[in-house]
Amino acid sequence: MNAPLPEHALQFMPSAGFRARSKEVVENPFLRKSFRGAMDFLIDKRITQFPDKEELESLRTLGEHIRQYNLGKLPDILEQLETRLTENGVHVHWAETPDEANAIILGICQKHSAKLMIKGKSMVSEEIELNHAAEAAGIDAMESDMGEYIVQLAGEKPSHIIMPAIHKTKEEIAKLFYEKVPGIDYTDNVDALIQIGRNVLREKFLVADIGLSGVNFAVAETGTLCLVENEGNGRMSTTVPPVHIAITGIEKIVEKLEHVPPLLSLLTRSATGQNISTYFNMISGPRKSHEKDGPTEVHLVLLDNGRSQAYADEQLRKTLQCIRCGACMNHCPVYTRIGGHAYGTTYPGPIGKIISPHMLGLEATATMATASSLCGACGEVCPVKIPIPDLLMRLREESFTAPHANPAMRGQGAGYSALVTGIWRGWAFVYRSPFWYRTVTWLGSRFGWLMPSKQGPWTTVRVPLKPAPKRLRDMLKERG
Amino acid sequence: MSARERILAKLRASEKFGERVEPDVASWFAGHRRVESGAEKAARFRHCIELAHAEVYNVNRGSWLQKLWEVLAAKEITRLLVSPGTEHGQRAMSGLADNDIECRGYDQAIEQWKDEMFHQTPASLTTARAAIAETGTLVLWPDADEPRLMSLVPPVHIVLLDASKIYNTFYEAMQQEGWKDSLPTNALLISGPSKTADIQVTLAYGAHGPKELIVLLLGEEA
Amino acid sequence: MSEQAKNSQRPTDIYFFATCVVDQFYPGAGLDAITLLEREGIRVHFPEEQTCCGQPAYTSGFPDEARKVAAHQLTLFPENWPVVVPSGSCGGMMKHHYPKLFANDPARQAQAEALSSRVYEFTDFLVNVLGYQPEDKGSDCTIVLHTSCAARREMDVHLTGRQLLGNLSHVKVALQDHESECCGFGGTFSIKQPEISGAMVEDKVKSLKATGAERVVSADCGCLMNILGHAAWKDKQEGRSTPSLPGEHIASFLLRRTEERSSK
């Protein structure tokens, strides 16, 4: 029996419109070109950071080891993190679901009668749709990462986890700013546009009641929240407002501070091809009584949202190794063709395909895993060696095989079709038997001319497949 | 059961497998990162942080104040945020006063002067606790004397760095200084002025933090 | 090159696992590969009972069906001879996925492990086991090589094809843009996500044609089926009667280049 759909489940149905959405992008040459250009740029930047293949491979192996070791001790180090943070004066909260996480965050806001929450970049806050929940509670949640700010102004969602506005041209952004930001002249100069964003957002930092951020690594032994960024908005959000709330998935914990340097190096080099980000911000507590700035209150919300389901299965657990660098999407030929929005999930691209089913259930995501040629580019670049293609195959199996008892995943069998399963059974029947194989392929070679000229989706852009008039085995016989 | 108990119970139920051998971070660094001389480290640091668009000047204990003034003069900056509780802050305050630079001390909690910090503070001077050669990175540990916002809000951030405090790697810095037992409320690695490439992957500086980062690299000679 | 190939001695006998795609759609490629191997003094054994490696079901999420088909192939190679496969993709399935596929069947898993160590991709076998150095007897031409993702990332043999072609003194091998990118085949992916697969193969064919090469060669017939299928469709759309991008398996190209009285 399938586990029942918990009430909290967000109403994403990414599978539903996936093909239509991807078709739309694929047929837009302008978007195709801009995604391709941006991904090429990121691919090239990354490669310059890894000139030494041995160094890269050994660092990936170390990164994988660090992540697997820490996942192996996850419950222990979560408790250690909680203890240390509490000692440091940070309030720790636990949320199983997006609703719980939103309730905790909005509860803190309400306690402080907050009107404005300024947000540093946080994909987990996108995952729980915090902005909607805040709006419903009468709190203005404003994005401050330039890309997120642009996307929020446009009423859209991020299309890339590292570069949220990568689907937009500067002309589109120029027009957007001109329409939405009061009192500015039109400009499509990138520096000028960034200055506009800077000026608008600085005024918001100044008056915000709450700063919200994500977390890149949380260090258990020291009780430290680490944030990686280039812009400084993460530092602003976590320093200027009187209250800082950080939110993270439960998997992003490392036991020791010394685990951070290798992961940081892998993260920035893989993500944007930088040897390090401009800022690496390590927060271990609120302002002390003699200090002159920094928030007086710091909270951490630890979110499960399906991660514990992935954790329970040895293979699926590897999904949680992810450090959210986005290299898998940059290198993915599918992401490059369709961009981030087509996926319909918070996390797009290869990582989105393997993590989203745990968050949303296979009911909503069953077909996402089919959108891969299993080319392996994602697994090849993953800095912590997540075997993404293997996980995609596993998800296909969980989606399409008949529902069974004690499934490892919510929604197992959601994509089951008796017809499709029957076709594969028939295929196996033929291909496991030399007699039937010979018979069927002989018929194919003799009557190949009867093959239809329209062969479903194959012939939309290809000529039909026709078996050769003689099989290899026939040719070998003739040759003697 | 609380959410905390339910999450931990689910995770504990799956502890049967997983990597148990501790990763050997030290060996990796020993095998992959060279230990360089002071001069090599200073050169590497400078090269990397300049690539990230920072300005670096070699100075010594006698000349840094003069260079500081030159930098401010060249940028037509007449106000500087300094830390009155530090020796270099005191030196700057006394030394620059005669040269038409008004020094503002960070001497009260930010709530008392937030608006002034955001609107009337064009530059700041702080020290760096250490630096990292591999990535061209400054290490700052803000404290009561040099609070967090000094290195974030003013559009120009000037940093005094003692060249003898440059480590080869981030890992070496944290190990040799015993960070795991001594981290402050906020520790920072800064590797250039604030930047973004969020508009059409075009690099722009001064996104939210300082638009310019200037390093006065204190060595024996200059 | 694969580790195992570096340590192998020159065998006298090999098994040839043709793959179902070659058997049914590209038999000429299989025959040419066998001819080439025989010309190098190798006795080539073609187990008559062979069908398919099972990959289509495996990658589509039907491991049980794949297991049934794979189990049959496990029985076909009793002698301790190399098993040469003219496809990185099917070779990768047998070499890397069979042992995983039979994880819960110790007897078959042992068989799969033993087989895995004997499986070679065709170009890897030529270069690294036989030390084959083709002597070019054709006239000048420019071609372009497409390497399958499985050959590149699973079998780690992406250099051997280029090396073989590099030995041909009158052949210039052009380099296409986005050389390492997938052609968009991916088995049932091409059927389930035809828009994305179609966009990928469209871009791939454009890149290959942009090199000005007169033909494309590949060591994987799955990719060829996709690439040539699209190129031919495009020719038809645009009313061309001669193929703008002909192509063939690398075995056929090598054989032709090294035969006497060859024109190309």
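Read-outs: derived from the displayed coordinates by stated rules, not from any lab. Just so you know, these numbers come straight off a predicted model, no measurement behind them. Methodologically, a virtual Cβ is constructed for each residue, glycine included, from the backbone with ideal geometry; neighbour enumeration extends over all protein chains shown.
As a quick test, which of the pairs A:73/A:292; A:470/C:206; A:170/C:236; A:73/C:100; A:353/C:206; C:172/C:204 have an alpha carbon distance above 30 angstrom in this structure? A:73/A:292; A:470/C:206; A:170/C:236, as the Cα separations exceed 30 Å there. Three principal axis extents describe the C-alpha atoms of the protein assembly as shown; from largest down they are 102, 63, 55 Å.
Normalising by residue count, region A:50-308 has a Cα convex hull of 136 Å³ per residue. From the alpha carbon centroid of region A:126-162 to that of region C:31-90 is 53 Å. Please check which bits of region C:214-238 a label hung off residue C:162 would reach, taking the label as a point 7 Å along Cα-to-C-beta and the cut-off as backbone N under 20 Å. Of the residues in region C:214-238, C:214-221, C:223-224 have backbone N under 20 Å from the label point off residue C:162. May I ask what percent, to the nearest 5, of DSSP beta bridges between residues of the protein assembly as shown are antiparallel? Among the beta bridges of the protein assembly as shown, antiparallel pairing accounts for roughly 25 percent. Fewest-first ordering of C:217, B:21 by other beta carbons within 10 Å of each residue's beta carbon gives B:21, C:217. Listing A:209, C:203 from fewest to most neighbouring C-beta atoms within 10 Å gives A:209, C:203. Ordering A:316, A:248, A:132 by the projection of their Cα atoms onto the charge dipole of chain A, which places +1 on the Cβ of Lys and Arg and -1 on the Cβ of Asp and Glu, puts A:316 at the extreme positive end.
Over the Cα atoms of region C:3-129, the radius of gyration divided by the Kirkwood radius equals 0.95; this is the Rg/Rh ratio. Absence of a disulfide-compatible partner, taken as no other cysteine beta carbon within less than 4.7 angstrom, is noted in chain A for A:109, A:226, A:322, A:325, A:332, A:382. Size of chain A from its Cα atoms: along the principal axes, largest to smallest, the extents are 93, 54, 48 Å. The residue list C:19, C:30, C:107 was ranked by how far each Cα lies along the charge dipole of region C:3-129 toward its positive end, using unit charges on Cβ atoms, and C:107 comes out on top.
Shielding by partners for peptide A:363-371, expressed as the average number of C-beta atoms from other protein chains within 10 Å of each residue's C-beta, is 2.
With a simple spin-label model that places each label point 7 Å from the Cα along the Cα-to-Cβ direction, the separation between residue A:455 and residue C:209 comes to 2.1 nm.
Just so you know, the Cα atoms of region C:165-233 work out to an Rg and Dmax of 12.7, 43 Å. The label-point distance for residue A:185 and residue A:137, in a model that sets each label 7 Å from Cα toward Cβ, rounds to 4.3 nm. Beta bridges per DSSP, both residues in chain A: antiparallel share near 25 percent.
Pairs with C-alpha atoms separated by more than 20 Å, drawn from the list A:121/A:168; A:385/B:195; A:33/A:168, are A:385/B:195. Calculate how many DSSP beta bridges within region A:155-303 are antiparallel, expressed in % of all such bridges and rounded to the nearest 5. For region A:155-303, the DSSP antiparallel bridge percentage is about 40.
Magnitude of the charge dipole for the protein assembly as shown, about its Cα centre and with charges confined to Cβ atoms of Lys, Arg (+1) and Asp, Glu (-1), is about 3340 debye.
With R₀ fixed at 56 Å, the C-beta to C-beta distance from residue B:111 to residue B:17 puts the FRET efficiency at about 0.65. For region C:78-125, the C-alpha radius of gyration sits at 1.11 times the compact-globule guess of 2.2 N^0.38 Å, with N the residue count.
Compute the acute angle (0 to 90°) between the alpha-carbon long axis of helix A:14-26 and the principal axis of greatest extent of the alpha-carbon atoms of chain A; round to the nearest 10°. Taking Cα atoms only, the helix is inclined about 80 degrees.
The radius of gyration of the Cα set in region A:357-431, together with its Dmax, comes out at 13.8, 41 angstrom. Each label point was placed 7 Å from the Cα along the Cα-to-Cβ direction; for residue B:90 and residue A:207 their separation is 4.2 nm. For A:132, A:299, the sequence from fewest to most other C-beta atoms within 10 Å is A:132, A:299. For peptide C:142-151, the mean count of partner chain Cβ atoms within 10 Å of a residue's Cβ comes to 1.
If you count, for every residue in B:176-185, the Cβ atoms of partner chains within 10 Å of its Cβ, what is the mean?
Working: counts 0, 0, 0, 7, 7, 3, 1, 10, 6, 15.
For this peptide, the per-residue mean of nearby foreign Cβ atoms is 5.
Considering only C-alpha atoms, what is the centroid distance from region A:63-84 to region B:94-112, in Å? Cα centroid of region A:63-84 versus Cα centroid of region B:94-112: 45 Å apart.
Calculate the length of the line joining the C-alpha centroid of region B:195-217 to that of region A:371-441, in whole Å. The distance from the Cα centre of region B:195-217 to that of region A:371-441 comes to 47 Å. Adding -39500 (n - 2.57) for every DSSP H run of four residues or longer, then dividing by how many residues the protein assembly as shown holds, sets the calculated 222 nm ellipticity at -12500 deg cm²/dmol.
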